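Take a look at the structure set out below.
The values are calculated or read from the model by the stated rules, or taken from the named source; none is laboratory data. What you see is a predicted model, and the numbers here were worked out from it, not measured in a lab. Here the Cβ is made from the backbone with ideal geometry for all residues, glycine too, and neighbour counts use every protein chain on show. Heavy atoms of the whole protein, side chains included, go into the accessibility calculation; ligands, DNA and RNA do not. Shrake-Rupley method; radii C 1.70, N 1.55, O 1.52, S 1.80 Å.
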Amino acid sequence: MTPPVVLTIGASDSGGGSGVQGDLRTLAALKVYATSVVTSVFAQNSRAVADIYAVPGTVVSLHHSTLLEDYTPAAVKTGTFTSADAAAAVTAKARTGAQTNLVVDPVFDAGRGARKGVIAAMERLLPFAFIATPNRDEASALLGWDVVSPADMAGAAAQLASNGPKYVVVTGGDFVAGKDAIDVMWLDGSARTLHAPRIKRRAYGSGGAFATAIAGRLALGDGPGEAVAYAKSFVTKAISDAADWKIGTGAAPMDHFGWSSVRLVDP
């Protein structure tokens, strides 16, 4: 059976745990066909981002157009934009209706802080999103007020949804306190709180994997609530399964494929 196509748009991460590389792993785990557009190139490892090269908006636009001439993505996920031009190029395609099931993870310059121009460009993309998945810091940057508590997350999700995205999930896995990792989704006019056991380790690329898994499940036919619930379960397991991995000396990667749950044998 022919798998659905998903397009991921975001940064290239030389460390492999996040960005487009992490997205490709997530989509492969979900058994969907992944295509990609790179918006920037990060010199990155598990500890830090050393430097960033922004791909010109004209190049991003050409890559995007070339893909859409031949493929019909069943879902699209966007991640990091390090230039307003690149975000504007993607927004221009969204304006034409070319971005079905658009999942926007509004990441701003990982490790470098949010730039005002990129935030403004992201605000113009968000109204075309089917689902937006900001974390608390990203929601704060977009709204101009501090999103701290679960109640704040619910209010932020509602406010962001009123500005365009059909559904919004404000993620809170970065909370230090509490036994659960909490996300809040604005779904059909009300806030729904999602819980999962908190795993006490720094995960590398979990936010991107969450948004990408949502896009993958939408492409496979899930509704928004089902896709988000699946994505939360997927990320929780991927973090837990890699708990004993010794890759890098900073934030640990994720076990996208469940390798730790399967006994590997020689061919």
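A quick yes/no check of all residues on (1) assigned to a strand (DSSP E or B); (2) of a type in the set (A, V, I, L, M); (3) surrounded by 14 or more Cβ atoms within 10 Å (Cβ to Cβ):
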{"residue": "I199", "(1), (2), (3)": "no, yes, yes"}
{"residue": "G207", "(1), (2), (3)": "no, no, yes"}
{"residue": "T212", "(1), (2), (3)": "no, no, yes"}
{"residue": "L218", "(1), (2), (3)": "no, yes, yes"}
{"residue": "E226", "(1), (2), (3)": "no, no, yes"}
{"residue": "F234", "(1), (2), (3)": "no, no, yes"}
{"residue": "D244", "(1), (2), (3)": "no, no, no"}
{"residue": "S260", "(1), (2), (3)": "no, no, yes"}
Looking across the range 1-55 at residues that are in a helix (DSSP H, G or I), among the small types (G, A, S) and touching a Gly at 6+ places or on another chain (Cβ under 7 Å), the single one that is surrounded by the most Cβ atoms within 10 Å (Cβ to Cβ) is G19
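Checking the conditions here, which among S149, S83 is open to solvent by 30 Å² or more (accessible area, probe 1.4 Å) and of a type in the set (G, A, S)?
Working: S83 fails: open to solvent by 30 Å² or more (accessible area, probe 1.4 Å).
After applying the criteria, what remains is S149.
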Picking from V228, V169, V265, V184, the residue that is among the β-branched types (V, I, T) and modelled with pLDDT under 95 would be V265
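Of all residues in the range 165-188, which are in a strand (DSSP E or B) and surrounded by fewer than 18 Cβ atoms within 10 Å (Cβ to Cβ)? Break it down stepwise before answering.
In the first step, residues of the range 165-188 are kept if they are in a strand (DSSP E or B); the result is 167-172, 180-187.
Across the range 165-188, the qualifying residue is only D180.
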With criteria (1) modelled with pLDDT of 90 or more; (2) in a loop (DSSP other than H, G, I, E, B), G111 comes up short on (1)
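Quickly run through the range 56-95 and pick out the residues that are assigned to a loop (DSSP other than H, G, I, E, B) and within 23 Å of G216 (Cβ to Cβ).
Result: Y71, T72, P73, A74, G79, T80.
Looking at A191, is it surrounded by fewer than 22 Cβ atoms within 10 Å (Cβ to Cβ), among the small types (G, A, S) and without any contact (Cβ under 8 Å) to a residue 40 or more places away in the chain? Please lay out each step first, then the result.
Details: surrounded by fewer than 22 Cβ atoms within 10 Å (Cβ to Cβ): yes; among the small types (G, A, S): yes; without any contact (Cβ under 8 Å) to a residue 40 or more places away in the chain: yes.
Yes, satisfied.
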